[in-house]
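This report refers to the structure that appears directly beneath it.
Readers should treat all values here as calculations from the given coordinates under stated rules, not as data from a laboratory. What you see is a predicted model, and the numbers here were worked out from it, not measured in a lab. When we count neighbours, we look across all protein chains shown, and the Cβ atoms used for this are built from the backbone with ideal geometry, even at glycine.
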Amino acid sequence: MTDILIIGGGIIGLSTAIALSQKGASVTIVESGICGQGATWAAAGMLAPEAERLEGDLLTFGIRSREMYPQWIANLMRLSGQDCGYWCCGMIAPVLTESDRLEISQHPKYIDQIETHRKQSGLGKSVLGSLWLPEDGQVNNRKLTQALLTAARSLSIKILEGTTVYQIERDHQRVTHLETSAGKMQSDRYVLATGAWTRALMPLPIKPIKGQMISVLDRDRLLQRVIYAPSCYIVPRQDGTIVIGATVEDNGFSQGNTAAGVAQLLNRAIAVYPAIANMPITETWWGFRPHAPNEIPLLGASDYENLILATGHYRNGILFAPLTAKWISDYIIDPNIQPLLKQSLSMENCPSPQRSAVLS
Ligand code: FAD
Ligand code: GLY
């Protein structure tokens, strides 16, 4: 019998497992495929509470989590010995129309066209000005996943890949065990970190929102900032890869890239950063964001006293991982901390975890 069993080995499951293990708990992760191959693998890795225009408590949550990143990464690097491609490169959020320019020109972070082009050369003529967001940055989410896995193994966290949870068996207010492809599993407590697939196990209001992505190779490595344009973002990695995203599609778990999706991304990206037109395409892929009502993750208690929710991180799960892991691990170690969880994500905007757990 292990102390805590985490269902789902994406960034949320892995980082929560590490936080719990570092607090002395014994942790097992059950993952149906390969850890980190869900939304965590598909993401662009932006750490962008400001560019993503989060609001209210969610903005505060995002900024706090962004602030945790340097130390969080240092801990992972210490445990894993691996680089995570964490880069405080700053973001340019360009405006492309005169009316948008007028609308944001009084914003304290607004910079005019000349200053924008000075921050990053090679931008298209359509860029009329921008918000300069020096604190937003990025991490290489695929490298980060590898580091999380190595760190988890170094802490003796048990990782069961290729093991699907079919059913969460309950008796009144408690989860009794899990039915899995490897048989029955039992634990004191369970964390649900199943991302876009959550609804297959619990009647929670989580749905997949597909995002198509593409990458090109910038041999000259002249792009040094993330460009977060109105309907496309361009993320330069330190190895010269440029990640371009993303579509936002509410059509279930439909697989594959489409010609229209890829064309849309390329056209928009080339308008903002024309040099992309001549760069070779290196990869296309897609993933499913776990969307929750009002885009607010479900964190904390469920209808079952030994089942904790950590799902619904939608567009910002890479950003939100350090603070999610801290909150969930603090709460599990000391459930009296729960009121903090509730206060921090305002209940006016957010169905409480308990209420969410019974929505279908
Ligand atoms: P996932 O990574 O999807 O992990 C869930 C895991 O649970 C999966 O591995 C799955 O196999 C497993 N699982 C599910 N059901 C079961 C079961 N029954 N039994 C066992 N295992 C199960 N966020 C950012 O912060 N910045 C970005 O720039 C960014 N860009 C994105 C771009 C795209 C195209 C997409 C799709 C997402 C992006 N995101 C971004 C969002 C971010 O990727 C997600 O919010 C985050 O990865 C969610 O992590 P997770 O661990 O909850 O889910
Ligand atoms: N946060 C970027 C995306 O979800 O596409």
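What ranking do 61-73, 33-45 get when scored by the average of other Cβ atoms within 10 Å per residue, highest first?
On the way: 61-73: 18.2, 33-45: 21.5.
Highest-to-lowest ranking by the protection proxy: 33-45, 61-73.
What share of the DSSP beta bridges in the chain is antiparallel, in percent to the nearest 5? Please list the in-between numbers first.
On the way: 47 of 64 bridges.
So the antiparallel bridges in the chain amount to around 75 percent.
If you average 1/r over every pair of different alpha-carbon atoms in segment 113-233 and take one over that average, what Kirkwood value in Å do you get? Numbers along the way, then the final one.
On the way: mean 1/r = 0.0511 Å⁻¹.
So the Kirkwood estimate lands at 19.6 Å.
Give the whole-number value, in cubic angstrom per residue, of the convex hull volume spanned by the C-alpha atoms of segment 221-303. Walk me through the numbers on the way to the answer.
On the way: hull volume 12.2 nm³, N = 83.
Considering the Cα atoms of segment 221-303, their hull volume per residue is 147 Å³.
Using the structure shown, select from LYS109/LYS143; LYS23/LYS326; LYS143/LYS207 the pairs with a Cα to Cα distance greater than 22 angstrom.
Values: LYS109/LYS143 31 Å; LYS23/LYS326 10 Å; LYS143/LYS207 27 Å.
Over 22 Å apart, Cα to Cα: LYS109/LYS143; LYS143/LYS207.
Residue separation times 0.36 nm, minus the C-alpha to C-alpha distance between GLN238 and GLN224: what's the value?
Values: separation 14, 0.36 × 14 = 5.04 nm, distance 0.84 nm.
Here the segment from GLN238 to GLN224 would lengthen by 4.2 nm.
Treating the angle as unsigned and between 0 and 90°, give the value, to the nearest 10°, between the Cα long axis of helix 141-154 and the longest Cα principal axis of the chain.
So the helix axis and the longest Cα principal axis differ by about 30 degrees.
Could you give me the ³J(HN,Hα) list for segment 235-244, computed from phi with Karplus coefficients 6.51, -1.76, 1.60 and θ = phi - 60°, whole Hz, x at Gly and Pro?
10, x, 8, 5, 8, x, 5, 10, 9, 10
For THR176, what residues show an amide H to amide H distance below 5 Å, using hydrogens built from the backbone and excluding near sequence neighbours?
Here GLU169, ARG170, ASP171 satisfy the definition.
Would you mind getting the Kirkwood hydrodynamic radius of the chain from its Cα pairs, rounded to one decimal in Å? Mind showing how you got there, number by number?
Details: mean 1/r = 0.0477 Å⁻¹.
After inverting the mean inverse Cα-Cα distance, the result is 21.0 Å.
Return the long-range amide H neighbours of ARG289 (sequence gap of 5 or more, or a different chain), with a cut-off of under 5 Å between placed amide H atoms.
ILE209, LYS210, GLY211
Which whole-Hz ³J(HN,Hα) couplings does segment 180-186 yield from phi under the Karplus relation 6.51 cos²θ - 1.76 cosθ + 1.60, θ = phi - 60°, glycine and proline marked x?
With the stated coefficients, segment 180-186 comes to 10, 5, 10, x, 6, 10, 10 Hz.
What order do you get for 250-256, 162-168 when each peptide is scored by the mean count of other beta carbon atoms within 10 Å, highest first? Numbers along the way, then the final one.
Working: 250-256: 9.7, 162-168: 15.9.
Most protected by this proxy first, the peptides run 162-168, 250-256.
For q = 0.11 Å⁻¹, what log10 I(q)/I(0) does segment 70-164 give under the Debye formula with an equal point scatterer on each alpha carbon and no solvent?
Values, matching the q order: -0.53.
Kirkwood Rh over Cα pairs of segment 257-329 into Stokes-Einstein at 37 °C, 0.692 mPa s: D in µm²/s? Write out the running numbers ahead of the final one.
Values: Rh = 15.4 Å.
After rounding, the answer is 213 µm²/s.
Relative contact order of the chain: what whole-number percent is it, with Cα pairs under 8 angstrom and at least 6 residues apart? Before the final figure, lay out each step's value.
Working: 803 pairs, mean separation 86.4, N = 360.
Relative contact order, the chain: 24 percent.
Give the long-range amide H neighbours of GLY129: residues separated by 5 or more places, or on another chain, with amide H under 5 Å away, using H modelled in the peptide plane at 1.01 Å from N.
VAL95
Would you kindly derive the ³J(HN,Hα) couplings of segment 258-270 from the backbone phi angles with the Karplus curve 6.51 cos²θ - 1.76 cosθ + 1.60 (θ = phi - 60°), listing them in order in whole Hz, with x for Gly and Pro?
10, 4, 5, x, 5, 4, 4, 5, 5, 4, 5, 5, 5
Alpha carbon centre of segment 253-314 versus segment 102-172: separation in Å?
11
Of the listed peptides 215-228, 139-152, 5-18, what is their order by residue-averaged count of other C-beta atoms within 10 Å, with the highest listed first?
Numbers: 215-228: 18.4, 139-152: 22.4, 5-18: 29.4.
The densest-packed peptide leads the list: 5-18, 139-152, 215-228.
Let's see if you can work this out: charge +1 on each Lys and Arg Cβ, -1 on each Asp and Glu Cβ, no other charges. What is the dipole magnitude of the chain about its Cα centre, in debye to the nearest 20? Walk me through the numbers before you get to the answer.
Details: 31 positive and 32 negative charges, 107 e Å.
My answer is approximately 520 debye.
How far is helix 56-80 tilted off the main Cα axis of the chain, in degrees rounded to 10, range 0 to 90?
80
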